[in-house]
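These notes concern the structure reproduced below.
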Amino acid sequence: MSDRLINRSLFLLACGRRFLFYDADSFVNLSFNLLASGDKLRYTILLIETRAYARAGLLGNPSDGFFGKTIAITVRNFGASVTLYPSPELHIEPQPQDTNVFRSLHHLRDSVSMLGYHGGVPLLKAAVKKFAEYCESEHIRLPNQNFSIRYNTSIPRQVGLSGSSAIIVATFRALMQFYNVEIPRPILPNLVLATEAEELGITAGLQDRVIQCYEGCVYMDFERETMERQGYGQYEPLDSRLLPKLYIAYNTDLGKQSGRVHNDVRARWLKGEPIVVDTMNAIADVAREGREAMLNQDTKLLNELVNRNFDLRAQIYSISDRNQSLIETARACGASASFTGSGGSIIGLYRDDAMLNRLFVELKKINARVIKPYVV
């Protein structure tokens, strides 16, 4: 525990401020002794610590942004955590990855390529702002209590595993506990998406935020009429024990990636271009079929659907050479392969340990790391 944390907490206790939280899963208890008038008094400081995990779209991606259907999983191998504790002033603590001091020009280049120009601090600021606006719109009066907040993340950045939204989800969870505010679970993904879209200019769909709020494995139906009527889709948790043998591979060679590929799919979809509309509907149907295949334990069909998902996507989206190489290398090993998100990482089914080992070896040759996703 840092000296700064201790000193701030002592200040609050000396002022008679009391913060009571009782969620054992979310708090770390820190005890210390405070001397007052020669008597030793024992106090306990409670820190809020919340998490959100990486995610991978399994089927239906990216139809969530086009009133489609998807199946996604949380990947507990990687996560973002937020720590929040009372303090005299509201303080957002920068982390080492937010530094403006670099070892060299190449260090700066690599850091910006992986983390962007501003790191994670803007994500925290945007989430706090959106939380305050939500409470105001819902006529929820917040007590005049300040806090310090910091984040940490192990989610690989810029490879389509939703590291940014994980930080925002974890921040909302911490704020909800600190101020004792309940946000309905179907509404929370909307607020996370609004934080990214309205505050940070990030274009995205609801899928990532839904799975990071619900966790596990979820089937999502974003049918237009339902979305317009209630403001969110139908979200059905699926038993993660029904999942087949999955692998995820992600690019580890960010410094050599080319610039982002820009697509005009949304504009074409809004214009009603038949090939785009029909293909997006077909991608959504992949998720519908996948749900039935999971429930029926039809691994062969699931394997085919993963490949179909990517092949349909490639009909209307530009695929970079780097991403195409990930797909082709995995398929050459006998596994299925599709994007987990917008590119940079892939997901698929493998048959046995021999195939998994081959994936490890062959994908490592093109600077990609393979993991078995841990889903609960």
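What follows draws every value from the coordinates through simple rules; no lab data is involved. Values in this document were obtained by computation on a predicted structure and should not be read as measured data. Every residue, glycine as well, gets a Cβ built from its backbone with ideal geometry; the counts of neighbours run over all protein chains shown.
Structure notes:
- With 0.36 nm allotted per residue and the present C-alpha distance subtracted, the residue 331-residue 376 stretch has 13.5 nm of extension available.
- Put in order of Cβ neighbour count within 10 Å, fewest first, the listed residues 74, 203, 50, 226 become 203, 226, 50, 74.
- Amide H contacts under 5 Å for residue 47, placed H, 5+ residues apart: 28, 30
- Under-5 Å amide H pairs with residue 78, H placed in peptide plane, nonlocal only: 54
- Cut-off under 5 Å, modelled amide H: who pairs with residue 216 long-range: 74, 376
- Remark: 270, 175 ranked as 270, 175, counting other beta-carbon atoms within 10 Å and listing the fewest first.
- Kirkwood Rh in Å, taken over the stretch 225-327 so that all alpha-carbon pairs contribute: 16.4
- Approximating the spin labels as points 7 Å out from Cα along Cα→Cβ, the residue 360-to-residue 101 distance works out to 4.0 nm.
- You can think of it this way: the chain between residue 224 and residue 144 has 24.8 nm of extra reach, that is 0.36 nm per residue less the Cα-Cα gap.
- Think of the stretch 82-220 as a dipole: +1 on every Lys or Arg Cβ, -1 on every Asp or Glu Cβ, centred on the Cα centre; then among 99, 167, 178, 99 lies furthest on the positive end.
- Separation of the residue 181 and residue 278 label points, Cα + 7 Å toward Cβ, nm: 4.7
- Extension gain, residue 311-residue 266: 0.36 nm per intervening residue step, less the Cα-Cα distance, totals 14.4 nm.
- Where labels lie 7 Å past Cα in the beta-carbon direction, separation of residue 324 and residue 117 in nm: 3.1
- 5 Å binning of all Cα-Cα separations within the stretch 51-238, expressed as whole percents from 0 upward: 1, 8, 16, 20, 19, 16, 10, 6, 3, 1, 0
- The stretch 153-310: radius of gyration over Cα atoms, expressed as a fraction of 2.2 N^0.38 Å: 1.16
- Kirkwood-based Rg to Rh ratio, the stretch 109-188, C-alpha trace: 1.02
- Here the residues 242, 123, ranked from fewest to most Cβ neighbours within 10 Å of their Cβ, fall in the order 242, 123.
- Phi-based couplings in Hz for the stretch 273-282 (Karplus 6.51, -1.76, 1.60; Gly and Pro marked x): 4, x, 5, 6, 4, 5, 5, 5, 5, 5
- Magnitude of the charge dipole for the stretch 317-363, about its Cα centre and with charges confined to Cβ atoms of Lys, Arg (+1) and Asp, Glu (-1), is about 60 debye.
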